[in-house]
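Trainee: Sending over a structure as structure tokens; questions will come in a sec.
The values are calculated or read from the model by the stated rules, or taken from the named source; none is laboratory data. Not measured: the values here are computed from a predicted model. Every residue, glycine among them, receives a Cβ derived from its backbone with ideal geometry; neighbour counts consider all protein chains shown.
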Amino acid sequence: MPASPGWFVRGGVGAEGSGRPRRVGRDMHATIHRYQAAGGEPGDWGRTWRALATHLSGVPGFVSFVVLEAGGGEYAAISFFDDATSLAAADGLVERWLAAHLGPSMGRSPPQGTTPQSTTGEIVAQRGL
């Protein structure tokens, strides 16, 4: 399937006969972390996440930072960066920032009965960033 403008496709066919991968857009890497809040009000957590997003936006390679509220104090934070090295640096910064600003009130653990989840990798398809 050919890529449309605005889509990123990894591993497609390049220029006819070139044999090179086709890339529309730019390479990006992302990490998804799940967190469980141990108290506080949702509005307080919203302010906390916005402050962290502002801090991350100054990191080289920054593309986007998105936080989803899943209910019951569970959050998923998704960081997008231009390359794996920048993303790794940002992931460390996020963990240190949360520890320094929130302490034990935010744990990097998912809901009870599941194992902690963190997924990092190269984005192979996206639209809109």
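Trainee: Restricting the search to segment 81-118, which residues are assigned to a strand (DSSP E or B) and modelled with pLDDT of 90 or more?
Mentor: The answer is F81, and nothing else.
Trainee: May I pose another question? What are the pairs, 6+ residues apart or on separate chains, where a residue within segment 42-58 that is under 14 Å from L68 (Cβ atoms) has its Cβ under 6 Å from a residue that is outside any helix (DSSP H, G or I) and not small (G, A, S)?
Mentor: Taking only residues 6 or more apart or on different chains, the pairs are W49/V67; A53/F65.
Trainee: Please work out which residue is nearest to the chain's Cα centre (by Cα), limiting yourself to segment 50-79 and to residues that are surrounded by fewer than 15 Cβ atoms within 10 Å (Cβ to Cβ) and over 16 Å from L93 (Cα atoms).
Mentor: Result: L68.
Trainee: Same structure, new question: For segment 45-59, give me the residue count where each residue is under 14 Å from Y75 (Cβ atoms) and not aliphatic (A, V, I, L, M).
Mentor: 6
Trainee: When segment 59-98 is examined, which residues are found to be free of Cβ contacts under 8 Å to residues at least 12 places away in the same chain and touching a helix residue (DSSP H, G or I) at 6+ places or on another chain (Cβ under 6 Å)?
Mentor: Matches in segment 59-98: none.
Trainee: Now for a separate question. Can you tell me which residues in segment 53-72 are of a type in the set (A, V, I, L, M, F, W, C) and not in a loop (DSSP other than H, G, I, E, B)? Quick ask: steps written out before the conclusion?
Mentor: The first filter runs over segment 53-72 and keeps only residues of a type in the set (A, V, I, L, M, F, W, C), leaving 53, 56, 59, 62-63, 65-68, 70.
Listed by number, the residues that qualify are A53, L56, F62, V63, F65, V66, V67, L68, A70.
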